[in-house]
Amino acid sequence: MAGANERTIDCNKASLAGSVSQRACVFCGSRVVLYPIVDALHIIHGPIGCAAYTWDIRGSLSSGPELHRLSYCTDLQERDVIFGGEPKLYKSIIELIDLHKPKAAFIYTTCIVGVIGDDVEQICRTVAKEKGIPIIPVQAPGFQGSKKDGYKVACEAIFTLVGTKSKPFTPAKSINILGDFNLAGELWILLEYYKKMGVHVNATITGDGRVDDICNAHNAALNVVQCSGSMNYLAKMMKDEYNIPSMRVSYFGIEDMSDALYDVARFFKDDDMMAKARELVKEEFARLMPELTWYKERLTGKKAAIYVGGAFKAISLVKALRLIGVESVIVGSQTGTTEDYELIKQLCDEGTIIVDDSNPVELSHFVKEKKADIFIGGVKERPIAHKIGLGFCDHNHERKEPLAGYEGMINFAKEIYATAMSPVWKFTK
Ligand code: SF4
């Protein structure tokens, strides 16, 4: 709980077996990170259930190819499990490369491949030689840990591409955006802001991602990392190998969005860039505040429960909700660290329940205890909210509404208002 108690949270550990954790598996973690690389082939080596579970898993939009939306799978059957699935995998990769002519291919291994021990790396090496494109094994058997381990596996897969090609010219004041997945086109909103400031965006990893841009990512001056839970590891590897510094930002809520722009201008020590950032923030504030004040007057006194994947997002949500008068009474995440939870503790009011790696029973209990009016979470939290008869705001990777940037803040306020104030809830309780 936030407030006077001095206890630190127990986090960053494997889930207790049998606890029915809200966390996803390693394979799912790797899939959500790599999915938005739109000109690559994504092949799942495993049973069809793994592919169905992660089919079109993000609302990530593409400004060009849409190869990422096709979730191919080797559909392993009993016979393959007994005699091995290698021939099937080899044949599938060759056939799909001939069909789609992708820039690269990611081959995901799943639980059953981890058990039967197919040599996926060898097949990837063989096909890469034959076809002349990177074929990257993503070693992600679901049982090997949690979603967070999948993030690490995905970072390792991306890192095999970084530095393998250079474009003829990369501007000096250029950044890579890490950890924005272009949900509902959010990345395009950010690109506009950076363009107005005179910042060149070199590679977007992985929202609306392109293999060639990722290969050239080592030529950027700075890595700007949003979803730090998933991308810090890649930023660290790029720092060690290419000496590219990184900064952690959040694009949710006015305060954090503005800080993200200022921090980039500060990094480049460019007065003109900073002046443009200030101008942009001033204009957006003037445009947004009257509308947000309207929502605040009506929402003050409402209580929210937050349970999301990354703790950094939870921190931004607490600030954004406060701006529209909503108190956060439960704040939790699947993958937060001790430092993240310490920040949340400082930010939240006395009595807020702070929780790591929860399960449906616990969450339902907390929500009832704190009398929350709205639940903000992802696909697995939606049924919990609806079963209790509570409004739900989808802030996860499937959503179709941009919630990042200044436009996103208005959309967020609208959604919270429409949901929390809906008369339907009085009939469900
Ligand atoms: S836990 Fe294993 S079987 Fe289930 S989706 Fe993940 S990789 Fe597939």
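The values are calculated or read from the model by the stated rules, or taken from the named source; none is laboratory data. The model shown is predicted, which means the values in this text are computed figures rather than measured ones. Note that each Cβ is placed from the backbone with ideal geometry, even for glycine, and that neighbours are counted across all protein chains shown. Quick note on the areas: whole protein, heavy atoms, side chains included, nothing else; ligands and nucleic acids left out. Shrake-Rupley method; radii C 1.70, N 1.55, O 1.52, S 1.80 Å.
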Kindly evaluate Gly84 against the criterion of being within 16 Å of the ligand (Cβ to nearest atom), surrounded by 15 or more Cβ atoms within 10 Å (Cβ to Cβ) and not β-branched (Val, Ile, Thr). no
What are the pairs, 6+ residues apart or on separate chains, where a residue within the stretch 106-132 that is without any contact (Cβ under 8 Å) to a residue 60 or more places away in the chain and under 15 Å from Gly84 (Cβ atoms) has its Cβ under 6 Å from a residue that is open to solvent by 20 Å² or more (accessible area, probe 1.4 Å) and among the aliphatic types (A, V, I, L, M)? Ile116/Val81
Of the candidates Ser21, Ser63, the one satisfying the condition of being open to solvent by less than 40 Å² (accessible area, probe 1.4 Å) and small (Gly, Ala, Ser) is Ser21
Qualifying position, being open to solvent by 20 Å² or more (accessible area, probe 1.4 Å) and modelled with pLDDT of 95 or more, among Lys13, Lys101: Lys101
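Looking only at the stretch 143-184, filter to residues that are of a type in the set (A, V, I, L, M) and without any contact (Cβ under 8 Å) to a residue 60 or more places away in the chain; which one of those is most open to solvent (accessible area, probe 1.4 Å)? Give the steps one after another, and end with the answer.
Restricting attention to the stretch 143-184, the residues satisfying the condition of being of a type in the set (A, V, I, L, M) are 153-154, 157-158, 161-162, 172, 175, 177-178, 183-184.
If we keep only those that are without any contact (Cβ under 8 Å) to a residue 60 or more places away in the chain too, we end up with 161, 172, 177.
Values: Leu161: 3, Ala172: 86, Ile177: 0 Å².
Looking at the filtered set, the residue picked out is Ala172.
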When the residues of the stretch 111-165 are narrowed to those that are under 18 Å from Leu234 (Cα atoms), among the polar types (S, T, N, Q) and away from the ligand (no atom under 16 Å from the Cβ), which ends up farthest from the chain's Cα centre (by Cα)? Thr164
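Going by the conditions given, is Asp349 touching a Gly at 6+ places or on another chain (Cβ under 9 Å), open to solvent by 60 Å² or more (accessible area, probe 1.4 Å) and either at pLDDT below 95 or more than 21 Å from Tyr417 (Cα to Cα) (or both)? Show your work before the answer.
On the way: touching a Gly at 6+ places or on another chain (Cβ under 9 Å): yes; open to solvent by 60 Å² or more (accessible area, probe 1.4 Å): yes; either at pLDDT below 95 or more than 21 Å from Tyr417 (Cα to Cα) (or both): yes.
In short, yes.
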Step by step: first the residues of the stretch 7-35, then only those that are away from the ligand (no atom under 15 Å from the Cβ) and in contact with a Gly (Cβ under 9 Å, 6 or more places away or on another chain), then the one that is nearest to Phe159 (Cα to Cα). Which residue is that? Asn12
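For the stretch 48-73, give me each residue that is within 20 Å of Ala154 (Cα to Cα), within 13 Å of the ligand (Cβ to nearest atom) and not aliphatic (A, V, I, L, M). Lay out the reasoning, then the answer.
Applying the first criterion (within 20 Å of Ala154 (Cα to Cα)) to the stretch 48-73 yields 50-62, 66-73.
Still in the running and within 13 Å of the ligand (Cβ to nearest atom): 50-55, 57, 71, 73.
Once the filter is applied, which keeps residues that are within 20 Å of Ala154 (Cα to Cα), within 13 Å of the ligand (Cβ to nearest atom) and not aliphatic (A, V, I, L, M), the stretch 48-73 yields Cys50, Tyr53, Thr54, Trp55, Ser71, Cys73.
Pick from Arg278, Arg287: which is without any contact (Cβ under 8 Å) to a residue 24 or more places away in the chain and open to solvent by 60 Å² or more (accessible area, probe 1.4 Å)? Please lay out each step first, then the result.
Values: Arg287 fails: without any contact (Cβ under 8 Å) to a residue 24 or more places away in the chain.
Answer to the selection: Arg278.
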